[in-house]
1. What span do the alpha-carbon atoms of the chain cover on each of the three principal axes, reported in whole Å from largest to smallest?
2. Specify the angular offset, from 0 to 90 degrees and rounded to the nearest 10, of the alpha carbon long axis of helix 15-26 from the longest principal axis of the alpha carbons in the chain.
3. Report, in whole Å, the centroid distance computed from the Cα atoms of the range 312-340 and the range 84-154.
4. Please give the length that would be gained between residue 73 and residue 118 if that part of the chain were fully extended, namely 0.36 nm times their separation in residues minus their C-alpha to C-alpha distance (nm, one decimal).
5. Which of the peptides 149-159, 37-47 is most tightly packed, and how do the rest follow, judged by the mean count of other Cβ atoms within 10 Å per residue?
6. Packing-wise, with mean Cβ within 10 Å as the measure, how do 347-356, 115-124, 201-210, 25-34 rank, highest first?
7. Averaging sequence separations of C-alpha pairs under 8 Å and six or more residues apart, then dividing by the length of the chain, give the relative contact order as a whole percent.
8. For the range 126-243, what does the relative contact order come out to in percent, with C-alpha contacts under 8 Å and a separation of six or more?
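Here, each number is a calculation from the coordinates, and none is a lab measurement. Predicted model only: the values in this text are computed from it and were never measured. Note that each Cβ is placed from the backbone with ideal geometry, even for glycine, and that neighbours are counted across all protein chains shown.
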Ligand SMILES: Cc1cc2nc3c(=O)[nH]c(=O)nc-3n(C[C@H](O)[C@H](O)[C@H](O)COP(=O)(O)OP(=O)(O)OC[C@H]3O[C@@H](n4cnc5c(N)ncnc54)[C@H](O)[C@@H]3O)c2cc1C
């Protein structure tokens, strides 16, 4: 087996790994090698619903999302390669009436963080979304600058700019092991060769859970399968402009426009996750009963959707943590080892800030732009899970189980 050297090796070419490579290369972090076992965005990133919203019930994730929004809005200036395909459709968060007080509190928190959001009433929402059934809506949280992006374009754009800045992006290369010598990273074994390196960033999504476990990351990480469904957009819902993007907690769904001319609707159940033993055994197509449930729930908000045929859907593999929030940390006992995991199916939109934080950690010894301590792996053992002060009781997706 041949041997080569790198200053940093990144495991995984999803949105997080590619963003990390871009930021490391921007910081001139030396020889940066990204190893992706399949192709770029082959994991969750390529399957993402890719909603880009700031509405979180906890401040730390909202801060990551807010910092990331700058990248989506100013991609050419901040990244400068490829196209993240950001559509600033606007975003609304709806909740059931029992959650109105929580919605108010969260909008207040988000405004304090600096998010461009405000509460709107039914009349104003009806102007933005005239075709929706708003009978149960008194208030909604509105974000005029949010929307959705193209997750493959985003991943490829980050990787392309990293490449231009000197990083090596290697697809078809699996990292099979990490060599640790005397409490320090010594290198990575790959299906091609051994790369001697003092620093490794693991961003391997669901496929990296066994690797993290083997390195002693002691958190209950559970790979899961989540799905989305796609429908034709009936002309009565308007044409030539995107629908406003929505998370509708009262019906446990999210939806947005899809396609270059916004002629389709992409929708999913917000909290319907199926256990996934082996991400390589993932069934790629959406299940028919899933698609039927999404359509039924969607038609409660957009009645016309009850008559629209589904146009398929797909599934992807994510990783759940016990508190439903991501983990971003460095290994407490292995010098030079950093990782991002537990994306919880909501970490596309934060991938710019997560990659920035990981790169800052490697290059400057600590993340500078965002406080990532709330995402430490040790929070579970400390009995301090990351929980928002005003978490919603949304309609869940368990009905299908
Ligand atoms: C159906 C669906 C809908 C979603 N909707 C949204 C949404 O609306 N908004 C949002 O923000 N997020 C959403 N997400 C979540 C989001 O897509 C993920 O959180 C995000 O893409 C995770 O990116 P990642 O880079 O961490 O992981 P991944 O994209 O999974 O990338 C990991 C990569 O690492 C590679 N890899 C793993 N192990 C190795 C190894 N040993 N050697 C080499 N390569 C390796 C894999 O092949 C893979 O390409 C959704 C996800 C799904 C599946």
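1. 64, 43, 38
2. Between the helix axis and the principal axis of the chain, the angle is about 50 degrees.
3. Spelled out, the Cα-based centre of one part sits 27 Å from the other.
4. Details: separation 45, 0.36 × 45 = 16.20 nm, distance 1.95 nm.
Full extension from residue 73 to residue 118 adds 14.3 nm.
5. Details: 149-159: 25.6, 37-47: 21.6.
Packing proxy ranking, top to bottom: 149-159, 37-47.
6. Details: 347-356: 27.6, 115-124: 16.0, 201-210: 24.8, 25-34: 20.6.
Peptide ranking by packing, descending: 347-356, 201-210, 25-34, 115-124.
7. 24 percent
8. 14 percent
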